[in-house]
Structure formats: C-alpha cells, structure tokens
Amino acid sequence: MSQQIIGLHDWLATPPGRYLLNWEAAQFERAVADIFGYHALQLGLPELNALQANRMPHRWLATDALSAVGSPQPPLPISTANEAIAQPHRIALLTDLAALPFPENSLDLVLLPHTLETSADAHATLREVERVLVPEGKVVISCFNPASLWGLRQRRARLYKKLGMGDLYLPEAGEFLGYWRLRDWLRLLSFEVESGAFGCYRPAVRSEQWLNRFAYMDAVGARWWPILGSVYFVVAVKRVRGMRLMGPVWKSQKKMANAPVSVANQVQPRSGGAD
C-alpha cells in the first residue's frame, strides 16, 4: 500500500502531523495569550484552534475554498462566525486569501498557520494581511523549514517522484518558504520581526513508535542546531512610518491650566496719584 500523502489535511492526521500540531499549538498559545485588541483572524488550518488562548471579543476562523476541501467539518454560516472559534475544526467563512472581506486597518491580530505555503500567491496573501492589520497589529506565521531533515527528505522525494520512484513525505501542494526569505518579505511590507523560533527536530520517520524513540532530539536540536528545525514560527508587528501616537487631550489641557503666568503678561495696577 502506498504511503503517499497529497493534501495537508490528510498529512496532519498522520503521526508526524500530530507531532507538528502539538508543537505548534503550544507556540500559538504562548504567542497570542497576551496580545490584546478587539478583532483577531485565523486564516487556514482549521485542525488547529490557534486562537483558543486569546481573549479578544471577536475571533474569526477563515479559509479558502481549496483548503476547505477535505476539512473535518463543513463551513459555518457567517452569522455564527464569532462563536465558531470556540469549536475546534469548524470554519467560520470561506474567502479568497488575497482578498479578505475586511476593511483596511480593522484587525488587531492575524494568524497564518501554514497558510502562505498553501496559498496560490503567498506574497499577495501577505500584502493583504498587511492591509487589514491596524498599525502595531501583529501577524503570527508558521511554516515548514526547507533547511531541515524533513525538507531534505521532501526535496529528495520530489526528485525520485519524477523518476517514478518513492513517495513524498510532506504534503505535495504548495511551496515551502525559507525563514530568511520570509523575513525579507516582512521587512519589505514594513513589518518588524518581534520573535522567531524553530521546532520539531525529530527525523523524517512515519511511525509514532520511531518518532517517540527520537524524542530526545527536540532538546538536543534546540541547543546545537536551532535553525534546522522542521518548522519555524514568526511573530511580526506592523509598523507605520511617520505615525505618532497621541496621548489623551485632557493631559495637555491640564498642563496648560496649571502653567504659571509670565510676569510680562500680568496686568500692572494703576497708580493712585493725581494726574
């Protein structure tokens, strides 16, 4: 029986996929717990409830039509979108990744769990995220790392597949983005990378038994070859040049009211003598 996994949704049901989801769930929980605002969007990967630890009042889960194919549950009506994030594996709305149904400067947080890799135009998707984010809003991204053991096996498998030999280890669709390439894209779009992390250092094996045997490599890899993790995680902030955050008006008014009056502006008393 062939071991080939074509779609991301199918791959996430395998032992390596569950291993990756567990690591990413912990990363997203830690990243979004202390991000405040009003509106947050998770774009893609309904298998992962990445906004669960966030406390914003309006949280959305969206995906494109292609990613929704094969997902565990059908899309929810838009009227129940705000409640959908509390239910794992449920999609709030379907949308074009490069044309999000949100106005400019309207979202405080956007999560992209493997969204750029499965997008038809990753750079256009990232530009759209920059459009909908408010100034100082944050984007949190996770991607496969091509410079890893998993990425090396995937490249070798693609070569063998052209020759009619072997199967792919990772999902077939999409283009994996390098860590430094993504940082360059973010910088061009006026994002500032706040933090980055790598994880999942175990070899590219398929069985859960062998993955557990190599569990020690997570600690060893994080110490000795940190940038070679099979997946990476980036938190970036949208910066707007020339923007100046103003304080409350009442503070300046209070300062003016209490300011001393200069001697030159004081009214001089008239002399009481006769003309």
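What the Cα convex hull of segment 84-227 gives, in volume per residue, is 156 Å³.
Residue ranges 198-206, 216-224 sort as 198-206, 216-224 when ordered by packing (mean number of other C-beta atoms within 10 Å per residue, highest first).
Computed from the coordinates by the stated procedures, all read-outs in this text should not be read as laboratory data. Quantities reported herein were computed from a predicted structural model and do not represent experimental measurements. Using ideal geometry, Cβ is built from the backbone for each residue, glycine included, and neighbour counts are taken over all protein chains shown.
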